[in-house]
Amino acid sequence: MADARPPATADAPIPGPGAATGFARHVEACNNALLPGGRARLLLAGQAIGWVAPGLAPGLLSALGPDGLRADAAGDLVLAEAGLLQVAAERLAAQGRLRLRGEAFDILAGPGSPSLGRIDRGALPAFGLVAAGVHVNGLVRTRATSEAPASPEGPGSGLSLWVGRRAANKQLDPGKLDQLIGGGVAAGYTPGQTLFKEGTEECSLPTELGERAVKVAELSYRMQRPEGLRRDILHCFDLMLPADWQPVPNDGEVEQFQLMPLEHAFALVRDTDEFKFNVNLVLIDLFLRHGLIDPSGEEGRRLRAGLHAPL
């Protein structure tokens, strides 16, 4: 049976502190998509799996034909079988309507759901499908908290954060600052397996260090971007690292790493757009958990609510 239909009117934005300044602007930017917002629901086996923009719906219907995809009386697009979605992605890519990336991702009905099939990663936002990613805060205890310098926001954390600079040839946000490890959860992988895979590829992380990682949060957002609607789940990990270990770029996706005091990262997120768009959310979660932003204050409560958007 299909899930409950969303209201006919667009839903409310994710709550933010009001004026889109400081940390709030990142949360609001990553939650700029209202649903349905004129999009048609994409159904598979009675489950809503995605959202198709009005401009893409005719091309999708044409690519698959009435036996593969039909519009029902309610305006939903009903897919006959999961494998057809990859067929449509390839046909639309040939027309220049989307860009394939050569990496298979699972088709998911929502967070925690089993895989319903596989599709190229590049087609996920075009069809408004849920995607999952892993983000790792690489942390180093550089000094005792009592010895850490105070900042305008309060006492220092005593922590530093390994920060990567994304390669200039990256398709998404080239040159932006990033975390120690970050990557999408490919088809057939778990978040934990992705952590080890991406850790080896991106920063030459030894297995014995990766085993120290602790999952600390699961964030979500829905964002309209040029490539389409991103409905993303972020599996966030903290990884405490020894002071004498240094990451080494391994796959060309990161130009360099730097060890940055956590308070410096705090100021960059608050005042600039130096970090990749969704990395800001992961760092805001980190700041809330470590008290750099008061989690019990009005701003902290609003930010926390905005890190868990309904998908």
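The values are calculated or read from the model by the stated rules, or taken from the named source; none is laboratory data. Since the model is a prediction, treat every value here as computed from it, not as a measurement. Because the Cβ atoms are built from the backbone with ideal geometry, glycine has one as well, and the counts that use them run over all protein chains shown.
Residue count for the range 207-242, restricted to those that are over 28 Å from residue 128 (Cβ atoms) and outside any strand (DSSP E or B): 9. Looking across the range 195-222, the residues that are within 23 Å of residue 173 (Cα to Cα) and surrounded by fewer than 17 Cβ atoms within 10 Å (Cβ to Cβ) come down to 200, 204, 218.
If we keep just the residues of the range 243-266 that are part of a strand (DSSP E or B) and out of contact with any Cys (no Cβ under 8 Å at 6 or more places or on another chain), which is surrounded by the fewest Cβ atoms within 10 Å (Cβ to Cβ)? The qualifying residue surrounded by the fewest Cβ atoms within 10 Å (Cβ to Cβ) is 256. Is one or more of the residues making up the range 193-202 assigned to a loop (DSSP other than H, G, I, E, B), over 20 Å from residue 125 (Cβ atoms) and more than 15 Å from the chain's Cα centre (by Cα)? Checked the range 193-202: no residue is assigned to a loop (DSSP other than H, G, I, E, B), over 20 Å from residue 125 (Cβ atoms) and more than 15 Å from the chain's Cα centre (by Cα). For beta carbons closer than 9 Å, sequence separation of 6+ or different chains, a first residue in the range 95-118 that is under 18 Å from residue 183 (Cβ atoms) and a second that is of a type in the set (Phe, Trp, Tyr), the qualifying pairs are 106/189; 118/105. Of everything in the range 267-311 that is small (Gly, Ala, Ser) and touching a Cys at 6+ places or on another chain (Cβ under 9 Å), the residue that is surrounded by the most Cβ atoms within 10 Å (Cβ to Cβ) is 306.
Here is a yes/no grid of residues against (1) within 25 Å of the chain's Cα centre (by Cα); (2) modelled with pLDDT of 95 or more:
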site: 75; (1), (2): no, no
site: 78; (1), (2): no, yes
site: 84; (1), (2): no, yes
site: 105; (1), (2): yes, yes
site: 112; (1), (2): yes, no
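Residues of the range 166-181 include at least one that is farther than 30 Å from residue 112 by Cβ, at pLDDT 85 or above, part of a loop (DSSP other than H, G, I, E, B) and of a type in the set (A, V, I, L, M).
Within the range 274-311, how many residues are free of Cβ contacts under 8 Å to residues at least 12 places away in the same chain and either closer than 14 Å to residue 177 by Cβ or touching a Gly at 6+ places or on another chain (Cβ under 9 Å) (or both)? The total comes to 1. Among the listed residues 166, 225, 230, which satisfies the condition of being closer than 27 Å to residue 53 by Cα, crowded, with 18+ Cβ neighbours inside 10 Å and not assigned by TED's automatic domain parsing to the domain that holds residue 50? Every option except 230 fails the conditions. The lone criterion from (1) in contact (Cβ under 8 Å) with a residue 24 or more places away in the chain; (2) of a type in the set (D, E, K, R); (3) under 30 Å from residue 284 (Cα atoms) left unmet by residue 25 is number (1).
Output the residues belonging to the range 48-59 that are surrounded by 15 or more Cβ atoms within 10 Å (Cβ to Cβ) and either without any contact (Cβ under 8 Å) to a residue 60 or more places away in the chain or more than 29 Å from the chain's Cα centre (by Cα) (or both). Within the range 48-59, 57, 59 qualify.
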